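See below for the structure under consideration.
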Amino acid sequence: MFSRLLTFEQISKLWFSSHSLAGSKNIILMGPPGAGKTTVGRIIGQKLGCPVIDIDDDVLETAWNMSVSEKLQDIGNEQFLEEEGKALLEFSASGSVISLTGSNPMHTAGMQHVKRNGIVVYLDVPTMVIMSRLKSMKVDRIVGQGPAASLKDILQFRKQFYRRWYDVRVLCGGSMAAEVVAEKVLDAVKRYQNSEEETYISTRSTQRNSLKYFSDVIIEGIASDGGLFVPEKGFPELTAEEWQMLIEATYAERAQVMLERCIHPADIPASKLREIIGTAYGENFTCSKIAPVRHLTGNQFLLELFHGPTASFKDFALQMMPHIFAYCIPRSCNYLVLVATSGDTGSAVLDGFSRLHDTDKQRIAVMSFFPEDGVSPIQKSQMIGCQKENAWSVGVRSDFDFCQTAVKKIFTNSDYTGYLTVEYGTALAAANSINWARLLPQVVYHASAYLDLVHQGIITFGDPVDICVPTGNFGNILAALYAKMMGIPIRKCICASNENNVLTDFIRTGFYDLRGRKLVPTFSPAIDILKSSNLERYLHLIADGDGQLVPQLYNQLENQGHFQLRKGLLAKLQQDLVAGWCSEEDCLAAIHSVYSTTGYILDTHTAVAKVVADRLQDRTCPIIISSTAHYSKFAPAILRALRITEIKQNPLSQLHLLSSYSPLPPVHWGLLETLKKNENEGHRVCAADLSMLMSCMETLIQNHFLKVF
């Protein structure tokens with residue numbers, strides 16, 4: 001009651017005086033000239049009742065006994081940066097708000113010195129806004145600018161230094177008042193110093209005694225009660241102005257901003273996150289746009305998610321997740337990463353973990369279980385070809401649901417996991433979409449697709465779009481719903497199923513019923529799934545704090561094979577989701593039709609989504625269809641759809657045949673290379689028996705970890 005009577009300034013003073021600036025840490029404002037550092041610094045100092053130091057006015061000009069512009073003119077750019085850096089090295093303060101110069105971050109030793117006793121806050125202002133402000137201030141030259149470089153070039157060049165040093169970033173739009181920026185800085189610093197407030201809970205937890213942090217959930221994968229980890233306080237939301245600042249940004253920069261909001265810097269600092277993102281979305285993607293949006297027909301657009309090294313949307317998470325995992329795990333233990341796959345995940349996991357540094361590969365092994373007869377021939381060849389010394393593919397004589405359930409049972413068998421730890425010094429981790437690090441990167445591409453439509457002039461920010469996703473495990477479509485929670489104006493998410501349409505039935509009726517359902521092998525094997533793991537996360541989301549709901553529903557599902565959602569919750573679900581399914585005949589017909597009219601080849605999963613989108617969209621807004629895999633992975637079905645009768649059994653021959661038709665997009669080069677290199681490799685196959693899977697795991701542990709050490 002008392003706190004409600006206090007002003008924002010009073011609350012800030014109380015909080016910071018007792019927790020933050022108690023005679024030690026400085027708040028260090030960094031950004032380009034014209035970012036408003038001096039003005040914002042004064043406002044913050046007034047709010048907190050602490051000293052304010054402007055490096056330009058209070059340090060440099062005092063030390064030099066002349067203005068900064070006079071000094072620059074006197075000694076030139078290169079010498080100026082050195083003199084400025086020396087002054088910073090001699091500077092000392094505590095419990096203050098410090099406004100750096102625009103060029104301070106270009107001096108490494110100076111920044112290392114001030115950063116030791118401060119939190120560096122980057123005021124990230126768009127370059128065009130800075131140029132406009134400098135023009136109004138009659139500033140036409142800044143440090144580092146020579147006759148051959150424009151002001152814009154120098155401002156862009158400096159960004160690499162700002163990005164190197166900051167602890168937290170504040171996005172500052174051109175119309176944002178200094179008072180608003182100051183409040184955002186205080187919020188950002190408070191978040192930085194309160195990592196314990198960003199916790200995760202299990203979807204099946206009924207009390208708060210099992211809270212985890214980001215690093216914990218990445219390592220553990222699945223909760224001890226069998227539930228999945230979710231953020232206790234939900235997703236952070238960006239304002240419309242912040243989103244609009246990302247319209248011109250690259251894919252990697254959009255990912256950086258979004259993931260900074262979702263991952264506390266105590267878990268992964270911004271500089272390390274940037275390194276991970278740069279590695280994940282670099283030369284291993286065949287398209288510089290990473291996830292381009294292509295107009296298909298009418299109001300339909302394709303989000304191409306197959307430009308990664310293994311040609312499916314799984315690459316977006318699995319080029320990043322291994323590096324996040326390697327950073328989070330303790331150095332004192334080996335880890336065996338388990339994954340169950342219905343096709344695309346296997347090769348993506350194996351490829352992603354194979355790109356780790358050698359020292360990380362020595363302590364991390366990965367095993368992928370897939371249905372031996374439930375994936376396409378090319379998918380199987382690709383998984384076999386992606387095997388490495390620390391990465392094995394194991395075919396299981398059953399379906400995907402068995403593989404996924406087996407992995408969950410292994411994780412929740414405390415006797416067995418304890419045995420692996422004691423006997424081999426090895427802990428288990430998960431790389432399926434049950435792992436939170438798998439879901440987070442997928443949120444980015446749904447948001448990025450919307451921003452691309454704005455950038456292309458198709459829509460203006462704030463206009464709604466629908467998103468159609470072929471899904472079986474509910475992870476990809478859940479990522480779209482999370483993007484909506486972060487502020488992307490998504491109207492409806494359309495769930496597209498094949499003949500294994502349990503999700504479609506559930507979304508339409510609220511009745512999830514596995515009794516008597518048998519998995520039907522289809523042309524779209526990645527969504528041949530009956531038990532959708534990530535649906536549990538969505539049900540927890542709409543439960544509105546009812547901690548009993550998910551445990552009750554999933555207990556009933558395990559024991560009776562079905563559950564029914566209450567009418568109120570079903571109505572809430574249907575505000576977000578609609579669903580439809582596609583037959584095998586309609587899937588092939590869609591591939592043929594689109595190719596005949598546009599020359600573009602859809603893969604079988606995208607064709608499922610296209611059919612469902614045609615049926616369910618109302619054409620009042622654009623619809624973004626997730627193109628989740630490259631058609632090359634499903635060559636026999638594609639050749640059949642295109643009515644090409646000369647179908648050879650050899651996967652490599654099938655790809656060469658497809659390539660001869662000069663298709664759009666071209667045959668995936670990474671897939672071709674993998675098949676060429678590994679045509680004759682074998683793999684392990686085991687029966688649908690949990691003890692057999694465990695035996696395979698122990699063989700890998702013995703062969704890899706005991707050999708290494």
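The values are calculated or read from the model by the stated rules, or taken from the named source; none is laboratory data. Source: prediction; values computed, not measured. Cβ: placed from backbone, ideal geometry, glycine included. Neighbour counts: every protein chain shown. These area figures cover heavy atoms from the full protein model, side chains too; ligands, DNA and RNA do not enter into them. Shrake-Rupley method; radii C 1.70, N 1.55, O 1.52, S 1.80 Å.
A few remarks follow.
- If the segment from VAL139 to GLN73 were pulled out straight at 0.36 nm per residue, it would be longer than the present Cα-Cα gap by 22.4 nm.
- Once the mean of 1/r is taken over each pair of separate Cα atoms and inverted, the range 509-617 shows a Kirkwood hydrodynamic radius of 16.1 Å.
- Extension gain (nm, one decimal) between THR509 and CYS333, 0.36 nm per residue minus Cα-Cα: 58.7 nm
- The range 31-186 - percent relative contact order, Cα under 8 Å, separation 6 or more: 33 percent
- Probing with 1.4 Å while keeping every protein chain in the model, the per residue accessible area of the chain equals 39 Å².
- Solvent-accessible area, 1.4 Å probe, carbon plus sulfur percent, for the chain: 50 percent
- Between the Cα long axis of helix 436-455 and the first principal axis of the chain there is an angle of about 70°, rounded to the nearest 10.
- Where (i) 86, 28, 21; (ii) 47, 29, 26; (iii) 56, 28, 24 are the candidate values, the label of the one calculated here for semi-axes √(5λ) of the Cα gyration tensor in Å is (ii).
- Taken along the Cα-to-beta-carbon direction at a fixed 7 Å, the label points for LYS159 and SER596 span 4.6 nm.
- Put simply, when 33-43, 290-300 are sorted by average Cβ atoms within 10 angstrom per residue, most first, you get 33-43, 290-300.
- Calculated FRET value between ALA687 and SER653, using beta carbons and R₀ = 35 Å, to 0.05: 0.65
- Helix 127-136 and the longest principal axis of the C-alpha atoms of the chain enclose an angle of approximately 20°.
- Amide H to amide H distances under 5 Å link ILE98 with ILE27, ILE28, LEU29, ILE53, where only residues 5 or more positions off or on other chains count and H is placed in the peptide plane.
- Backbone amide hydrogens, once placed in the peptide plane, bring GLU248 within less than 5 Å of nothing, excluding anything fewer than 5 places away on its chain.
- Couplings 3J(HN,Hα) of the range 30-35, computed from phi: 10, x, x, x, x, 6 Hz, in residue order, whole Hz [Karplus 6.51 cos²θ - 1.76 cosθ + 1.60, θ = phi - 60°; x for Gly and Pro].
- Around the Cα centre of the range 26-193, unit charges on the Cβ atoms of Lys, Arg, Asp and Glu (plus for the first two, minus for the last two) sum to a dipole of about 720 debye.
- Cα shape, the range 26-193, gyration tensor, a/c 1.5 rule: oblate
- Taking 0.36 nm per residue of separation and subtracting the Cα-Cα distance, full extension of the segment from SER414 to GLN552 would add 47.4 nm.
- Separation between Cα centres of the range 572-639 and the range 166-233, rounded to whole Å: 36 Å
- In degrees, nearest ten, helix 178-192 long axis to first principal axis of the chain (Cα): 60 degrees
- With R₀ set to 41 Å, the beta-carbon distance separating LYS388 from GLN574 gives a calculated FRET efficiency near 0.35.
- Calculated [θ] (222 nm, deg cm²/dmol) that DSSP helices of n ≥ 4 give over the chain, each run adding -39,500 (n - 2.57): -14000 deg cm²/dmol
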